[in-house]
1. Could you list, in sequence order, the residues of region 253-269 that are out of contact with any helix residue (DSSP H, G or I) (no Cβ under 7 Å at 6 or more places or on another chain) and small (Gly, Ala, Ser)?
2. Out of the residues in region 347-384 that are over 30 Å from Ile193 (Cα atoms) and in contact (Cβ under 8 Å) with a residue 40 or more places away in the chain, state the one that is surrounded by the most Cβ atoms within 10 Å (Cβ to Cβ).
3. Determine whether region 42-49 contains at least one residue that is closer than 30 Å to Leu220 by Cβ, of a type in the set (Val, Ile, Thr) and either modelled with pLDDT of 90 or more or part of a helix (DSSP H, G or I) (or both).
4. State yes or no: is Ala243 modelled with pLDDT of 95 or more, more than 16 Å from the chain's Cα centre (by Cα), within 25 Å of His129 (Cβ to Cβ) and surrounded by fewer than 24 Cβ atoms within 10 Å (Cβ to Cβ)?
5. What are the residues in region 156-185 that are in contact (Cβ under 8 Å) with a residue 40 or more places away in the chain, outside any helix (DSSP H, G or I) and either touching a Cys at 6+ places or on another chain (Cβ under 9 Å) or among the hydrophobic types (A, V, I, L, M, F, W, C) (or both), if any?
6. When Lys35 is evaluated against the numbered criteria (1) outside any loop (DSSP other than H, G, I, E, B); (2) within 25 Å of the chain's Cα centre (by Cα), which criterion, by number, is the only one it fails?
7. It is to be established whether one or more residues within region 243-254 are of a type in the set (A, V, I, L, M, F, W, C) and closer than 29 Å to Thr343 by Cα.
8. Can we say Cys77 is part of a helix (DSSP H, G or I) and either assigned by TED's automatic domain parsing to the domain that holds Leu197 or not aromatic (Phe, Trp, Tyr) (or both)?
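The values are calculated or read from the model by the stated rules, or taken from the named source; none is laboratory data. Predicted, not measured: the structure shown is a model, and the values here were computed from it. Cβ placement follows ideal geometry from the backbone for every residue including glycine, while neighbour counts extend to all protein chains displayed.
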Amino acid sequence: MSDTATLNLAGKTLNFPILEGSEQEKAIDISALRKETGFVTFDPGYGNTCPSKSSITFLNGEAGALRYRGYTIAELCDKHTFEESAYLCIYGELPDGEQLASFKAGLKKYAKLPEQLLKIFEGLPQDTHPMVTINILTSALSAYYPQFTDISSEEQVEEATMVALGHMLAFVAFAYRKNIGESFEYPEEDCSIAAGLLKLMFGSDYVVDPDVEKVIDELLILHVDHEFNCSTSTVRLIGSSKANLFASCAGGISALWGPLHGGANQAVVEMLEFIHENGIDPAEYLEKVKRKEDGIRLMGFGHRVYKNYDPRARIIKKTCDRVMEKLGQEDPLLAIAQKLEATALEDEYFTSRKLYPNVDFYSGIVYRAIQIPTEMFTPLFALGRLPGWIAHWREQNSDPKARIGRPRQIYTGSTQR
């Protein structure tokens, strides 16, 4: 294959370099396009735009593949923990025993929140959405830890990493405790992030079932990173201005909140509840979707990148079955979800459009089974995605060729008046 791409434009012949990644992904380097021609590319949603190189996550939507630093998510879920997966994404390799112990010690150092940060909870209304709460608290880290905001200092960046990861667990759990009007309690014993989340949310005397702990751990792993998605791109864009880690991650939380991104699993549960409460047969609901009836949408199917079965959905579907059997629950929403999936996968309308279940389709049902309310789904997503945001921010911040993000536009307003 030629190592350049030729463009004939306005009577000029231009050659642009072709870049190739380690998995044979290809891109045309058009960084000189506007300078050479006066043209820019028009790419709504940046679906065909690659703003930078990255070595963190490989995603192949056509093949349904997802790997963190070369490791498949199936292997990570099967053989490793969320802490190990977070370390892998941030530092590039799975930790050995000593490295993992040091990493956990760093997280433990910031497991408890300063009293001043706790006062922010007091000032918020009890019904504040947890995503608002964790956004405010993450932004506030720049105020309470200004000594860790010098992005040119490796030591400060490392400490900021531990602060963000260590505090986020309490941010998420205490946002829930605030909503239900309960006091904040820290678990007395050392435990994993997954177990710690359950104890922080449901009380220090909550007995953690090992299978439920494994499910939470697995869900967190599945959400660690997903290439240049909306929230990660937001973190990188903010970080490109040399904003500190805390400010950049707060922006990621805002981007994640939207129902087309992190809020999608909540939208799935709301759809299933609508079908159940109105006594609609799942097959008939799919016909309504096909007819494009007002207000009728099929949530949890299809993906901006995946044109095959989402590999995370395969894992979480098995997890869902295992959890429901272990807890002895019969959720009517699960039966509806299963029928929706089975019917859609046999319908040419959906398969021809590459509409397969994604990770959000079953995750909400799993959370329901563990008694986690819908408003907490997206905060848990944020907790899982935080290591990926940190990894991308650090990767970009250490790249001497990184430039501030600055897309161009095609102006369609009035000419000079």
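1. Initial filter on region 253-269 (out of contact with any helix residue (DSSP H, G or I) (no Cβ under 7 Å at 6 or more places or on another chain)): 258, 260, 267.
Of everything in region 253-269, those that are out of contact with any helix residue (DSSP H, G or I) (no Cβ under 7 Å at 6 or more places or on another chain) and small (Gly, Ala, Ser) turn out to be Gly258, Ala267.
2. Quick first cut of region 347-384, residues over 30 Å from Ile193 (Cα atoms) only: 347-356.
Next, from what is left, pick out any that are in contact (Cβ under 8 Å) with a residue 40 or more places away in the chain: 347, 349-350, 353-356.
Values: Asp347: 17, Tyr349: 12, Phe350: 20, Arg353: 12, Lys354: 15, Leu355: 19, Tyr356: 23.
Looking at the filtered set, the residue picked out is Tyr356.
3. Within region 42-49, the subset closer than 30 Å to Leu220 by Cβ is 45-47, 49.
In the following step, the residues that additionally are of a type in the set (Val, Ile, Thr) were identified as 49.
Among the residues that remain, those that are also either modelled with pLDDT of 90 or more or part of a helix (DSSP H, G or I) (or both) are: 49.
Yes, there is a match, as at least one residue in region 42-49 is closer than 30 Å to Leu220 by Cβ, of a type in the set (Val, Ile, Thr) and either modelled with pLDDT of 90 or more or part of a helix (DSSP H, G or I) (or both).
4. Values: modelled with pLDDT of 95 or more: yes; more than 16 Å from the chain's Cα centre (by Cα): yes; within 25 Å of His129 (Cβ to Cβ): yes; surrounded by fewer than 24 Cβ atoms within 10 Å (Cβ to Cβ): yes.
It is true that Ala243 is modelled with pLDDT of 95 or more, more than 16 Å from the chain's Cα centre (by Cα), within 25 Å of His129 (Cβ to Cβ) and surrounded by fewer than 24 Cβ atoms within 10 Å (Cβ to Cβ).
5. The answer is Phe184, and nothing else.
6. (2)
7. First pass over region 243-254, keeping only residues of a type in the set (A, V, I, L, M, F, W, C): 243, 245-247, 249-250, 253.
If we keep only those that are closer than 29 Å to Thr343 by Cα as well, we get none.
Taking every residue of region 243-254 in turn, none turns out to be of a type in the set (A, V, I, L, M, F, W, C) and closer than 29 Å to Thr343 by Cα.
8. Numbers: part of a helix (DSSP H, G or I): yes; either assigned by TED's automatic domain parsing to the domain that holds Leu197 or not aromatic (Phe, Trp, Tyr) (or both): yes.
Spelling it out, Cys77 is indeed part of a helix (DSSP H, G or I) and either assigned by TED's automatic domain parsing to the domain that holds Leu197 or not aromatic (Phe, Trp, Tyr) (or both).
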